[in-house]
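Notes to accompany the following structure.
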Amino acid sequence: MDFELKTLDLAGAAAEKCDALIVVVPEGAKLGKDPLSSLLAHALKAGDFEPKAGKLLQSYRTAGIAAPRLVLAGAGEGAATEVRSAVLAAANAVKAGPVKRVLVCLAAPVRDDAVRACVLAAADASYVYTTTKPKAEGRRIQRLVVGVSDAAAARSAFAEAVAAVRGIETAKEWGNRPPNHATPTHLGQAAKALAKGAIKCQVLGPAEVARLGMGAFMAVAQGSHEALRFIVLRYDGAPKTQAPTVLVGKGITFDTGGISIKPAGEMDEMKFDMCGAASVLGVFRALAELKPSVNVVGLIPSCENMPDGRAVKPGDVVTSMSGQTIEILNTDAEGRLILCDALTYAERFKPAAVIDIATLTGACVIALGGVRSGMFSPDDALAGALQAAGDQAQDLCWRMPLDAEYAEGLKTHFADVANVAGRAGGAITAAKFLQRFSQAYPWAHLDIAGTAWKSGGAKGATGRPVGLLLRYLAAQSVAAPAAKPVRSTRRKSA
Ligand code: BES
Ligand code: MN
Ligand code: ZN
């Protein structure tokens, strides 16, 4: 899909050649004397159109309008969520027809979040997965022109939104691929393919991971015939003196639960258990496009979680890279096991911040549903920045608690820590487990179990939280914070 930004008023939009014209109309939109303005004025007066969010009025071959298909889409007060639902509804209404070129015209003063919402919603509505459907037709809408009153004022928000679309669609693609088409090896190849220009990539295999002493990660991988991969991506957009942000993505390419096996119903959805990893790949794809002045490291521990004669058993005790021993009481709590070793590995980058992204717990789905990702951080500044980035990108998260008492249930007689506590507060106890391995730097954890994909008829990856992460990084590139001192927690292994 191609994108273009243009300065257009309603008169200009009416004259523009395209297959469909979508006019986003907030309450109190300024109208002129052109054909589009008078049509709009008539429709409003007659009560055939209301500028409420999600309300549509469609017409065909309208006098004075160059585009054969016209959709007026109400956007309420013009807030980003309203613009988003207006464009989603309008794009869904036209996408079934022979529509390749769409013009979305914003009949409102330029606002960064509204411009972003336009681009992201149009891309979201027109996305089609085709990789394992060779006969599928694919995406209809090939070109999106966004018309605003002042293109110069919208330029940077537009560029960020286009980069976000590239990243989100990369994340959707890898999330959606069937688990036999998205193995750890495939993810490693996808990461390698991103390594151009400012992006470098290194992919470690079982021998190198063993040498690093990643005993927790290896324990999860040992029940699978697919070889594990540990992916290290780097984007160097700022001077070397600037400490990087490290993103760690959970890359379980299929989660059966292992010996603590999951029930059969909807188990196919556990192909999405690598959506954290997919979001890291997506962010790097977006960085390649946007080229912000930040340094970013991406870490992806990737393997399958399978039951097998060699699989790890409930009760097994393993030694993590940090030196801490872990009693694996439930093999289905595997995400935290692969992440904890990646969090220890992250120390070597002396990071400004580490953010892990994981489809970690069913409990987070119960707590927050599919609207907001769970966000955990002991660092108020980092938590505030992530919350703000989510709000601005319309990729929402919600801060969850990390009180010390939540870690009580992780105590065991047989190791430094157990990998599960009771059922109560399951998303928080998982975060408390990870917190033990992230003491050397400012850290945040995003539990995307509820937000990374949709179930049912709309089954598919959402590409979240690429939008949030890109907004966070773009904001960092403006702020350019100084590196915080790092102290190592790495213990010598026995
Ligand atoms: N990948 C799952 C989490 C998950 C489950 C995400 C359902 C989305 C929907 C994770 O590995 C897992 O199995 N977690 C367990 C943890 C439990 C054993 C403490 C869970 O949530 O049930
Ligand atoms: Mn699991
Ligand atoms: Zn899992």
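The values are calculated or read from the model by the stated rules, or taken from the named source; none is laboratory data. All figures in this text were calculated on a predicted structure; none of them were measured in a lab. Note: ideal-geometry Cβ built from the backbone for every residue, glycine included; neighbour counts use all protein chains shown. The protein model used for the area step is the full one, side chains on, heavy atoms only, and it has no ligands, DNA or RNA in it. Shrake-Rupley method; radii C 1.70, N 1.55, O 1.52, S 1.80 Å.
Points to keep in mind about this one:
- Efficiency of FRET between Arg310 and Lys17 - r from beta-carbon atoms, R0 51 angstrom, step 0.05: 0.20
- The distance separating the Cα centre of region 328-351 from that of region 132-169 comes to 35 Å.
- Probe 1.4 Å, protein heavy atoms only - accessible area per residue of the chain in square angstrom: 40
- Counted charge near Gly362, where neighbours are those whose Cβ lies closer than 15 Å (Asp, Glu -1; Lys, Arg +1): -3
- Seen from a random direction on average, the alpha-carbon convex hull of region 1-70 projects onto 5.1 square nanometres.
- Most to least accessible of Ile355, Ile366 (protein chains only, probe 1.4 Å): Ile366, Ile355
- Exposure of Ser38 as accessible area (Å², to 10), given a probe of 1.4 Å and all protein chains: 50
- Nearest 10 degrees, 0 to 90: helix 80-94 Cα axis against the chain principal axis: 70
- Comparing Cα centroids, region 430-465 and region 355-381 end up 5 angstrom apart.
- Spatially near lysine pairs across region 216-300, Cα under 20 Å, sequence gap of 8 or more or different chains: 4
- The antiparallel fraction among DSSP beta bridges confined to the chain stands at about 40%.
- Distance between region 24-69 and region 205-264 - C-alpha centres, whole angstrom: 52
- Residue order for Glu173, Glu266, Glu334 - accessible surface, 1.4 angstrom probe, largest first: Glu266, Glu173, Glu334
- Cα pair count fraction exceeding 22 Å, expressed as % - region 2-149: 32
- Thr241, Thr7, Thr130, Thr359, reordered so the largest accessible area comes first (probe 1.4 Å): Thr241, Thr7, Thr130, Thr359
- Per-peptide average of other Cβ atoms within 10 Å, ordering 460-466, 432-438, 248-254 highest first: 248-254, 460-466, 432-438
- Per-bin percent of Cα-Cα distances, region 177-479 [20 Å]: 38, 59, 3
- Ligands, DNA and RNA left out, the accessible area of the chain computed with a 1.4 Å probe is 53% carbon and sulfur.
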